[in-house]
Amino acid sequence: MHIVLGITGSIAAYKACSLIRLFVKAGHEVQVVITPAGKEFITPVTLSTLTRKPVITEFFSSRDGSWNSHVDLGLWADAMVVAPATASTIAKMVTGVADNMLITTYLSMKAPVFVAPAMDLDMFAHPATQRNLETLRNDGVTIIEPAAGELASGLEGKGRMEEPEKIYQCVIESIAARSDKRLAGKHLLITAGPTYEHIDPVRFIGNCSSGKMGFALAEACAKRGGNVTLISGPVDLPTPAGVKRINVVSAAEMHDAALKAFSDSDVAILCAAVADYTIANPATAKIKRTADELTLQLTPSKDIAAELGKRKTKAQKLIGFALETNDGIENAKRKLVSKNLDFIVLNSLQDAGAGFGTDTNKVSIIDSAGIKSFPLKAKSEVAKDIIDELCARLDK
């Protein structure tokens, strides 16, 4: 595989040496493109020794008319990785300010692009940087989130470039997933996050769902070529690249959006934590405290899974989720049948690291044939396991 590695002016530039060694050791070719500021942190001689290729830094390498073609690099590469990526370079990528060889190479790149930010915590958290990162995501760039820890400034926080081993793993696995196009041409509906059922204009009944599992599923499906519609409750997560997002608040809104999208869907994955009950008569004004007790009348919410299960055709696949605190397998099996699901994904709050708000999950996939259990994994890895199971069924 051909890798263009972009290096910018960050103290984290020294980590690029380890990243190069990982790619080269695995048999990949690496061409470094470094910004002028990047050369202040690491020398081209070091990088050239590791890659066995001349380092590209300027448009013109000499005064004899020869020049470095960013167009040729865009055609040569199977992936472009910018690590470390400073706030300045990220901003230039967004706005197309092609004033150095790295940015012109990015603008000419036909292969997948990966960006590993590295900067101080306040720079990373600044709204301008976050807007730029969201724009890159929407443009199809994969953002490898920085880690939290001690920074060059001496402060502690999020902004450290992710470790080379994790960047390498992300690139390799993402490229492999992109080559799996079994979902190409398929329309997938995915629900994610919580729903909020309003008591009055300022209060609601909800749950602690972060939406991370549903968003990981949407990203995994999009990488495999699927046309994904993500219906999300109120969560603060970036939209995965290539995914159409519909924001809702209440169970009723999610029900209506899901029914509308389902008719054109080949697959529906119901990952959202939808409220089972909603307020019968929400107040139109803030309820004042006038007594020691407040009685709320709750009515059952519309059952999205049951409704889609009734409408499902033989050509459609319907996948559900069950988050349980006890009797998980028995409850999941009942839901599998009553909702007419093809399979159900069970996770339990009794398992450490699983459930709401975590970056990991531990699941079992249950269908009429039996149970497949998986160890605790990152939710991105859990998503791959679930989509592998889906693809195996679609293949049949």
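The values are calculated or read from the model by the stated rules, or taken from the named source; none is laboratory data. Note that the structure is a prediction, hence the values are computed from the model and not measured. Here the Cβ is made from the backbone with ideal geometry for all residues, glycine too, and neighbour counts use every protein chain on show. In case anyone asks, the SASA skips ligands and DNA or RNA and just uses the protein heavy atoms, side chains included. Shrake-Rupley method; radii C 1.70, N 1.55, O 1.52, S 1.80 Å.
Take the conditions of a type in the set (D, E) and either closer than 16 Å to G9 by Cβ or touching a residue at least 40 places away in the same chain (Cβ under 8 Å) (or both) and apply them to D99. Does it pass? Break it down stepwise before answering.
Details: of a type in the set (D, E): yes; either closer than 16 Å to G9 by Cβ or touching a residue at least 40 places away in the same chain (Cβ under 8 Å) (or both): yes.
Against the criterion (of a type in the set (D, E) and either closer than 16 Å to G9 by Cβ or touching a residue at least 40 places away in the same chain (Cβ under 8 Å) (or both)), D99 qualifies.
Does T284 satisfy being loosely packed, with under 10 Cβ neighbours inside 10 Å and of a type in the set (V, I, T)?
Judged against the criteria, T284 is a match.
Can you pull out the residues in the stretch 266-281 that are in a strand (DSSP E or B) and either hydrophobic (A, V, I, L, M, F, W, C) or open to solvent by less than 60 Å² (accessible area, probe 1.4 Å) (or both)? Talk me through it step by step, then tell me what you get.
Of all residues in the stretch 266-281, those in a strand (DSSP E or B) come to 267-270, 273, 277-279.
Within the stretch 266-281, V267, A268, I269, L270, A273, T278, I279 meet the criteria.
For the stretch 141-156, name all the residues that are open to solvent by less than 30 Å² (accessible area, probe 1.4 Å), closer than 25 Å to R224 by Cα and not hydroxyl-bearing (S, T, Y).
V141, I143, I144, P146
State all residues of the stretch 74-93 that are assigned to a helix (DSSP H, G or I) and of a type in the set (D, E, K, R); if no residue qualifies, say none. Talk me through it step by step, then tell me what you get.
Going through the stretch 74-93, the residues assigned to a helix (DSSP H, G or I) turn out to be 74-76, 87-93.
Residue satisfying the conditions is K92 alone.
Looking only at the stretch 179-208, how many residues end up being without any contact (Cβ under 8 Å) to a residue 12 or more places away in the chain and either surrounded by 17 or more Cβ atoms within 10 Å (Cβ to Cβ) or under 14 Å from C271 (Cα atoms) (or both)? Before the answer, list the steps.
Kept after step one, since they are without any contact (Cβ under 8 Å) to a residue 12 or more places away in the chain, are these residues of the stretch 179-208: 179, 204.
Narrowing further to those that are either surrounded by 17 or more Cβ atoms within 10 Å (Cβ to Cβ) or under 14 Å from C271 (Cα atoms) (or both): 204.
Residues meeting the conditions: 1.
Only residues that are buried (at least 17 other Cβ atoms within 10 Å of the Cβ), in contact with a Lys or Arg (Cβ under 9 Å, 6 or more places away or on another chain) and part of a loop (DSSP other than H, G, I, E, B): list them for the stretch 239-265, please.
Within the stretch 239-265, T239, P240, A241, G242, S265 meet the criteria.
I'd like the residue in the stretch 287-299 that is loosely packed, with under 10 Cβ neighbours inside 10 Å and aliphatic (A, V, I, L, M) and, out of all such residues, is modelled with the highest pLDDT.
L294
Of the residues V337, V345, V382, which is among the β-branched types (V, I, T) and either modelled with pLDDT under 95 or in contact with a Cys (Cβ under 7 Å, 6 or more places away or on another chain) (or both)? First the steps, then the outcome.
On the way: V337 fails: either modelled with pLDDT under 95 or in contact with a Cys (Cβ under 7 Å, 6 or more places away or on another chain) (or both); V345 fails: either modelled with pLDDT under 95 or in contact with a Cys (Cβ under 7 Å, 6 or more places away or on another chain) (or both).
Answer to the check: V382.
Would you mind telling me which numbered condition in (1) hydrophobic (A, V, I, L, M, F, W, C); (2) farther than 26 Å from E173 by Cα; (3) under 22 Å from the mean Cα position of the chain (by Cα); (4) open to solvent by less than 20 Å² (accessible area, probe 1.4 Å) I304 fails?
If we test I304 against (1) hydrophobic (A, V, I, L, M, F, W, C); (2) farther than 26 Å from E173 by Cα; (3) under 22 Å from the mean Cα position of the chain (by Cα); (4) open to solvent by less than 20 Å² (accessible area, probe 1.4 Å), just (3) comes out false.
Scan the stretch 209-219 for residues that are touching a residue at least 60 places away in the same chain (Cβ under 8 Å) and either open to solvent by 60 Å² or more (accessible area, probe 1.4 Å) or outside any loop (DSSP other than H, G, I, E, B) (or both) and jot them down.
Within the stretch 209-219, K212, M213, A216, L217, E219 meet the criteria.
Kindly indicate whether any position in the stretch 291-302 is in a strand (DSSP E or B) and in contact with a helix residue (DSSP H, G or I) (Cβ under 7 Å, 6 or more places away or on another chain). Walk me through how you get there before you give the answer.
We begin by selecting, within the stretch 291-302, every residue in a strand (DSSP E or B); these are 298-300.
Checking the rest, the ones that are also in contact with a helix residue (DSSP H, G or I) (Cβ under 7 Å, 6 or more places away or on another chain) come to none.
Looking through the stretch 291-302, none of the residues is in a strand (DSSP E or B) and in contact with a helix residue (DSSP H, G or I) (Cβ under 7 Å, 6 or more places away or on another chain).
Just name the residue that is nearest to V171 (Cα to Cα) out of those in the stretch 113-140 that are in a loop (DSSP other than H, G, I, E, B) and modelled with pLDDT of 90 or more.
If we filter the stretch 113-140 for residues that are in a loop (DSSP other than H, G, I, E, B), which is where we start, we get 118-120, 126, 139-140.
Okay, now just the ones that are also modelled with pLDDT of 90 or more, so 118-120, 126.
Details: A118: 17, M119: 21, D120: 24, H126: 26 Å.
Ranking the candidates gives A118 first.
Which residue, of L189, L183, is closer than 30 Å to A111 by Cβ and assigned to a strand (DSSP E or B)?
Going through L189, L183 in turn, the sole match is L189.
Given (1) over 14 Å from the mean Cα position of the chain (by Cα); (2) open to solvent by 10 Å² or more (accessible area, probe 1.4 Å), identify the lone condition not met by M161.
(2)
State all residues of the stretch 349-396 that are under 14 Å from A216 (Cα atoms) and loosely packed, with under 14 Cβ neighbours inside 10 Å; if no residue qualifies, say none.
Listed by number, the residues that qualify are G357, D359.
Scan (1) open to solvent by 20 Å² or more (accessible area, probe 1.4 Å); (2) within 22 Å of I42 (Cα to Cα); (3) touching a residue at least 40 places away in the same chain (Cβ under 8 Å) for the single condition A85 breaks and write down its number.
All conditions pass for A85, except number (1).
List the pairs whose first member sits in the stretch 299-320 and is β-branched (V, I, T), whose second member is surrounded by fewer than 16 Cβ atoms within 10 Å (Cβ to Cβ) and in a strand (DSSP E or B), and whose Cβ atoms are under 7 Å apart, counting only residues at least 6 apart or on separate chains?
Pairs found: T299/Y277.
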